[in-house]
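Here is the structure we will look at.
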Amino acid sequence: MSTDHTNTITEPAQPAPEQAVPTIGVFDSGIGGFTVAGAILNRRPDVNLVYFGDTLNMPYGGRSLEQLARFARNSIEFLLAQGMDILAVGCNASNSALGQGELKSFGVPAYDLVSSTVEHLRSITAPPAKLGLVATQAAIRSGYWERKLIEVLPETQIIPVAAPEFVPLIEAAQQSDRANLAAVEKHLKPLVDDGVTVIVHGCTHYPLLQPYMEQLFPDLAYLDPAVCLAEKLVGSIAPPRTAAPRGAIRLFSSLPSSAFYGTAERVFGRPARNLTKMYIVNPHED
Ligand code: DGL
């Protein structure tokens, strides 16, 4: 007698394979990139972060584009060696020096501040008549931001302004409300008097001064490229697992400071000293 041994055992349903949580790499001259990393982690607290702040060479704003490009390449290679899966550029001066093409050449997906903002602006229905681009000298000198903004807002008058005082004030050990307000007034008042209604933060440090800007100029609209970048990056990664734990944060600085620890704690809501290692990626250059 023959028996039919057809196998009717059904395999238990397998859960879909879980996507590994990506490690996002962010670099900047110092603490400005925390505004980028913070915007990403606010939306996706489960991703891992590796951060490099080149505080030893900060501020970047007065440096040449050639020097900034070299620093940026070294910083990106360092983040790759730390296991970065996705690059989020945390520095506009570096972004202006490398541009989107080169940023995409490191073998990982790269999100940059300028193109993320330009993409956001492409969809706005009522472009402003006058827009103030406030940034470091290097970013303004390169003309990169301005060219990209003009492409997407051809009817808007773009008014670029360099604010070299802002970064040293933000990175200072002792914060002075008076000095911060005076610097903000000096650089933004001429724009307001000229009829500007929208300010683009062309430096990732500057959103850290936004409370002072809002205090003096509450009617201005402030556009933060860090938010545009974070929205774009987060939209491109697999959704979070349910009840996913908080991701790991690793911070590196070539010269950690009280501003570095204090801002990291404020932005990430975690004690920062034990998350931070000192590491020199770019030897000090004048
Ligand atoms: N936060 C950087 C930027 O977005 C660099 C600022 C600086 O060090 O001057 O341009």
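Where a number appears in this text, it was derived from the coordinates with a stated rule and is not lab data. Just so we're clear, the structure is a prediction, and the values are computed from it rather than from any experiment. All Cβ positions, glycine included, derive from the backbone under ideal geometry; neighbour counts span all protein chains shown.
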**Prompt:** How far is helix 225-236 tilted, in degrees, relative to the longest principal axis of the Cα atoms in the chain, given as a value from 0 to 90 rounded to the nearest 10?
**Reply:** 10
**Asked** In the stretch 177-280, what trypsin sites (Lys or Arg not before Pro) fall in a loop by DSSP, with at most 14 other Cβ atoms inside 10 Å?
**Response** Arg241, Arg246
**Helix 92-103 vs. the chain, principal-axis angle (Cα, 0 to 90°, nearest 10)** = 40
**Request:** In whole angstrom, note down how far apart the Cα centers of the stretch 170-184 and the stretch 122-140 are.
**Result:** 24
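Report the antiparallel proportion of the DSSP beta bridges in the chain as a percent, rounded to a multiple of 5. List each step's numbers first, then the result.
On the way: 0 of 33 bridges.
If I count the DSSP bridges inside the chain, around 0 percent turn out antiparallel.
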**Complete:** Descending packing, highest mean Cβ count within 10 Å first, for 127-139, 22-34 is 22-34, 127-139
**Asked** So, in nm, how far is label Tyr279 from label Gln174 when the simple model puts each one 7 Å beyond its Cα toward the Cβ?
**Response** 3.4
**Prompt:** What's the center-to-center distance, using Cα atoms, between the stretch 42-105 and the stretch 192-270 in Å?
**Reply:** 15
**Item:** Glu265 versus Ser105: modelled label distance in nm, points set 7 Å from Cα along the beta carbon direction
**Value:** 4.2
**Complete:** Rounded to the nearest 10, the angle in degrees between the Cα long axis of helix 113-122 and the longest principal axis of the Cα atoms of the chain comes to 90
**Message:** Number of Lys pairs in the chain with C-alpha atoms less than 20 angstrom apart, excluding same-chain neighbours closer than eight positions?
**Reply:** 6
**Item:** Inter-label distance for Val161 and Ala221, nm, one decimal - labels placed 7 Å from Cα along Cα-to-Cβ
**Value:** 1.8
**Message:** Ignoring everything except DSSP H segments at least 4 long, calculate the 222 nm mean residue ellipticity for the chain; use -39,500 (n - 2.57) per segment, divide by total residues, nearest 500.
**Reply:** -12500 deg cm²/dmol
